[in-house]
Amino acid sequence: MAEKPAEEITLTLDRSVALVLFEFLSRTVDDEDGDALLDFIEDEAEIPALWVMMAALESVLTEPLAPDYERKVLAARQAVTQRFGSAFSEGEDDEG
């Protein structure tokens, strides 16, 4: 087995997390070359770095090619929320 270059790292992610991240990146980074994130990036290298992350996820996930992809994404989102909690509290109104 060939050794990885010292510059590479290996991440271990829950499959549901990987699928949620892939869907997010494909919506925000892949569409229109990351225009949706322009207000949030600090350096132009961040978008290509996100493209690389998306490609790495795509290379290991089979779900993006599945005919029921949307259902799989919904199930993955639920699994992530159940395991790690929600970023937004339920029941709170939008008024600070």
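Rule-based calculations on the coordinates, nothing more; no lab input. Please read these numbers as outputs of a predicted model, since none were measured by experiment. Cβ atoms come from the backbone with ideal geometry, glycine included; neighbour counts cover every protein chain shown.
Applying a DSSP loop filter and a limit of 13 other Cβ atoms within 10 Å to the GluC sites (Glu not before Pro) in region 5-93 leaves E7, E8, E42, E44, E90, E92. Listed by Cβ neighbour count within 10 Å, with the fewest neighbours leading, R83, R77 appear as R83, R77. When the P(r) of region 37-81 is calculated, the portion above 11 Å amounts to 72% of the C-alpha pairs. For the chain, the dipole from Cβ point charges (+1 on Lys and Arg, -1 on Asp and Glu) about the Cα centre works out to 840 debye, to the nearest 20. Given their separation in residues at 0.36 nm each and the Cα-Cα distance between them, D30 and L74 gain 13.9 nm when the chain is fully extended. For T62, neighbours were defined as the other residues whose beta-carbon sits under 11 Å from its Cβ, and their charges (Lys and Arg +1, Asp and Glu -1) total 0. Counting only alpha carbon atoms, the long axis of helix 46-60 and the longest principal axis of the chain meet at about 80°.
Projecting the Cα positions of G34, I47, T81 onto the charge dipole of region 15-84 (unit charges on Cβ atoms of Lys, Arg, Asp and Glu, taken about the Cα centre) puts T81 furthest along the positive direction.
Each of T28, T81 was scored by other Cβ atoms within 10 Å of its Cβ. Arranged with the fewest first, they read T81, T28. When Cα Rg over 2.2 N^0.38 Å is calculated for this entry, the matching label among (i) 1.19; (ii) 1.10; (iii) 1.28 is (iii).
Using R₀ = 35 Å, calculate the FRET efficiency as 1/(1 + (r/R₀)^6) where r is the Cβ-Cβ separation of E7 and F84; round to 0.05. Display every interim value, and only then the final one.
Details: r = 29 Å, r/R0 = 0.84.
The computed FRET efficiency comes out at 0.75.
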